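Below: one structure, written as structure tokens.
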Amino acid sequence: WKALIPEKIIWASQCSLQIAKEDEMLKLAYDSGCRILSFGVETINEASLTHIDKEWNDPQNYDKAFSNIKAHGIEISTEMILGLDGDDETVFDKTFNFLMKNKIALPRIYILTPVPGTPMYEQLMKEGRIFDHDFQKYVGGSAVFHPKLMTAKTLQEGYWNLYRRLYSTKNIIKRLKGNPANLNTYMRLFVFGTNMIYHDHIKKGITPGIV
């Protein structure tokens with residue numbers, strides 16, 4: 001990162017949320033041109049973290065972590081999963097409120113997808129919970145298995161309803177307005193433009209991906 005400083009480039013990356021505890025590293029990241037970091041926070045439901053072997057994530061401190069990252073001038077993108085074994089029907093409103101409260105600029109959400117060849121796929125197959133084997137649907141926007149605490153239909157409908165709420169024009173503005181990340185005009189337009197691309201994708205039933 002020190003070597004990047006004289007290059008005067010702008011960059012973004014995926015990252016572990018553990019960086020929120022490292023003020024010196026955050027300052028250096030910003031000085032080197034980092035303006036957006038993407039974090040796989042996965043879920044705000046601690047009971048669901050064991051389903052994906054991410055018990056080391058700390059939902060109780062997400063707010064504090066995000067605040068510190070933004071205080072260092074870096075904007076935040078998140079990726080989360082719905083349909084984990086600890087998720088019930090309340091997960092949609094809880095996730096919406098969490099993302100809006102923290103003014104997450106680029107939230108992306110996926111339905112749990114048991115990709116063939118993974119332990120998750122083998123586990124759900126063994127439990128007889130996978131009911132749809134059309135692999136064209138295995139892109140993060142379709143419920144292809146039976147969740148534990150809700151129906152597949154509830155998961156499917158709740159997912160798209162949540163996305164439509166998050167990416168309504170009104171809520172895009174709410175999430176971006178007053179965001180303390182230190183972005184220049186070009187980067188703010190990039191973030192807003194990406195939100196509008198996602199808005200269009202969601203209207204068409206396309207799961208937003210990383211831009």
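The values are calculated or read from the model by the stated rules, or taken from the named source; none is laboratory data. Quick caveat: nothing in here was measured; it's all calculated off a predicted structure. Neighbour counts run over all protein chains shown; Cβ positions are idealised from the backbone, glycine included. The protein model used for the area step is the full one, side chains on, heavy atoms only, and it has no ligands, DNA or RNA in it. Shrake-Rupley method; radii C 1.70, N 1.55, O 1.52, S 1.80 Å.
Starting from the residue with the highest accessible area, list 64, 137, 94 in decreasing order, probe 1.4 Å.
Sorted descending by solvent-accessible area, the residues read 64, 94, 137.
Would you look at the GNM of the chain, springs on alpha carbons closer than 10 Å, and say which of 191, 115, 144 moves the most?
Largest GNM mean-square fluctuation: 115.
Work out the FRET efficiency for residue 137 and residue 164 from their Cβ-Cβ distance, taking R0 = 22 Å, and round it to the nearest 0.05.
Efficiency, from the Cβ-Cβ distance: 0.70.
Can you tell me which of 133, 72, 201 moves the most in a GNM of the chain? Springs connect C-alpha atoms under 10 Å apart.
So, out of 133, 72, 201, the one fluctuating most is 133.
What does the convex hull of the Cα atoms of region 70-126 come to per residue, in Å³, rounded to a whole number?
Convex hull of Cα atoms, per residue: 107 Å³.
Scan (i) 21.4; (ii) 18.1; (iii) 17.4 for the value of Kirkwood radius over Cα pairs in Å calculated from this model and give just the label.
Read-out from the structure maps to (ii).
Each residue of region 99-104 in order: what ³J(HN,Hα) in whole Hz does its phi give by Karplus 6.51 cos²θ - 1.76 cosθ + 1.60, θ = phi - 60°, with x for Gly and Pro?
Once θ is set to phi - 60°, the couplings for region 99-104 become 5, 6, 4, 8, 6, 6 Hz.
Of the candidates 75, 122, 42, which one comes out as most mobile in a Gaussian network treatment of the chain with C-alpha springs shorter than 10 Å?
122
Over the chain, with every protein chain in place, what whole percent of the accessible area is carbon and sulfur at 1.4 Å, could you tell me?
Of all accessible area on the chain, carbon and sulfur atoms account for 55 percent.
By accessible area of protein heavy atoms, probe 1.4 Å, what ranking do 34, 15 get, highest first? Intermediate results must be reported in sequence, preceding the final value.
Values: 34 0, 15 40 Å².
My answer, sorted largest first, is 15, 34.
Quick query: amide H of residue 81 versus all other amide H atoms, modeled in the peptide plane; which residues come in under 5 Å with a sequence gap of 5 or more or a different chain?
Those lying under 5 Å, H to H, from residue 81 are 42, 43, 110.
Given the pairs 170/204; 2/177; 137/174, which span a C-alpha to C-alpha distance of over 26 angstrom in this model?
Distance filter (> 26 Å) returns 2/177; 137/174.
Excluding residues on the same chain fewer than 8 positions from residue 8, give the lysines whose Cα lies under 17 Å from its Cα.
Within the straight-line cut-off, residue 8 pairs with 27.
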